[in-house]
Amino acid sequence: MNVDFLIVGQGVAGSVLAWTLDQRGCSVILADDPALPSASSVAAGIVNPLTGRKLVHTWKANELFPFLHQFYSGIEQELNVRFFHPKNIYRPFRSLAEQTSYLAIANDPDVQQYVSKAVDNQVYSQFITNPFGGLEVTQAGWLDLTEFVRIIKGYFIKKNQYFEGYVRVEDLKISETTTDYQGLTIGKVIFCDGVQARENSLFDWLPYNPVKGQLLTAVAENYSIKNIVNQGIFILPVRDGLLKIGATYSWHDLDWQTTDDGRAFLESKVRELLKVPYQVVAQQAGIRPSTKDRRPFIGLHPTQPAVGIFGGMGTKGVSLAPYLAEQFSRHLLDGEDLEPEANISRYVSL
Ligand SMILES: Cc1cc2nc3c(=O)[nH]c(=O)nc-3n(C[C@H](O)[C@H](O)[C@H](O)COP(=O)(O)OP(=O)(O)OC[C@H]3O[C@@H](n4cnc5c(N)ncnc54)[C@H](O)[C@@H]3O)c2cc1C
């Protein structure tokens, strides 16, 4: 049997790429090993065009954000499901100085389009410590990743194009133009294996810089803010009375275990922000597939062009994947150039 693509790994990257290629009319088998951990099953799924303490534009925000809104809501409409939740992000100012500098940044025409003109600080004051007011970032929101991955998995299972299990690189018979695997002749095998790419002998030369992260789930019955709140940490209401609180960043202890320190850090931050009682009911940890130069890893293998990679999504897989999957599919199917900053050819000398 011949197929155009085998996508190895079904986190957000694999799900988005498989959907994109399927919509272009390609035959796609999607494979995932449920026994392996995945960052997408931990992530909060937030998309935020202005990040960090300095309200910096997310890389390529002007391209990524219109595209991702259309992409996720387009799938929702096509399949009659719901997993994408556009919301503003409220950023309470820490001080008068921060208020002054944020309002100045918000006047920059490039930033203005992502900042709401009317913010009702009173609405937040009952629940959030905001003595200096705050601003709201627009075009933001969150993707319910568990639901998204479940829906995409169901879509490919229904088409009989889903494989559950571990794909071993040693079992792939790679030639110049195709790969044979378990009776299939595959046009291109694309690895979307997240941080596991570090152990993938085809792509272990790429310079990853993984970042561990933890978050909490908490019940706060009296909390009725619908937007996301962000001040160093985020408070994301996933449904009435249920909050996700995160996240930590650690470049050491790179395992998938939760720690008391992680919880203590998040609780110390949330206590400064949240005015209503809450109770932590769960804690999760994951590893972000971040890269040394903070840009994704996309492209075909330099000497074995029948295999490729779509990864290195770091802290922003939900924002990056749709636009970059579109670019990658145009590269694969129409021969268009890839975004040079994301193309793995920048590391070929390694
Ligand atoms: C605490 C935390 C909070 C985060 N919050 C956000 C956020 O708010 N917004 C955001 O955009 N990002 C967030 N992230 C980052 C986000 O998790 C990543 O950008 C994204 O999930 C990476 O997706 P991926 O598909 O590349 O990798 P993964 O989600 O890790 O998926 C890789 C998949 O490949 C499979 N796999 C690997 N090797 C094989 C193999 N050989 N055979 C079969 N299957 C294989 C694994 O089973 C896994 O399912 C957060 C991360 C953490 C840890």
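Collect the residues in the stretch 208-222 that are away from the ligand (no atom under 16 Å from the Cβ) and surrounded by fewer than 20 Cβ atoms within 10 Å (Cβ to Cβ), keeping them in residue-number order.
Those that are away from the ligand (no atom under 16 Å from the Cβ) and surrounded by fewer than 20 Cβ atoms within 10 Å (Cβ to Cβ): Val219, Glu221, Asn222.
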What are the residues in the stretch 322-346 that are in a loop (DSSP other than H, G, I, E, B) and either on the phi < 0 side of the Ramachandran plot or in contact with a helix residue (DSSP H, G or I) (Cβ under 9 Å, 6 or more places away or on another chain) (or both), if any? Glu336, Asp337, Leu338, Glu339, Pro340, Glu341, Ala342
Evaluate the following for Ala285: is it without any contact (Cβ under 8 Å) to a residue 60 or more places away in the chain and aliphatic (A, V, I, L, M)? no
Looking for something within 16 Å of the ligand (Cβ to nearest atom), surrounded by fewer than 22 Cβ atoms within 10 Å (Cβ to Cβ) and over 27 Å from Ile186 (Cα atoms) - is there at least one such residue anywhere in the stretch 294-308? yes
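Quick one: which helices (runs of 4 or more DSSP H) sit completely within the stretch 44-159 and have at least 3 residues that are polar (S, T, N, Q)?
Those helices (runs of 4 or more DSSP H) span 61-79, 96-106, 121-125.
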Given Ala18, Ala43, Ala39, Ala35, which one is more than 12 Å from the chain's Cα centre (by Cα) and crowded, with 22+ Cβ neighbours inside 10 Å? Ala18
The stretch 97-114 residues that are outside the structural domain of Phe132 (by TED's automatic domain parsing) and touching a residue at least 60 places away in the same chain (Cβ under 8 Å), paired with ones that are surrounded by 12 or more Cβ atoms within 10 Å (Cβ to Cβ) and acidic (Asp, Glu) (beta carbon under 7 Å, 6 or more apart): none
Taking the stretch 19-48, which residues are farther than 21 Å from Leu215 by Cα and near the ligand (Cβ under 6 Å from one of its atoms)? Ala31, Asp32, Asp33
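The values are calculated or read from the model by the stated rules, or taken from the named source; none is laboratory data. Everything numeric in this text was worked out from a predicted model, so none of it was measured. When we count neighbours, we look across all protein chains shown, and the Cβ atoms used for this are built from the backbone with ideal geometry, even at glycine.
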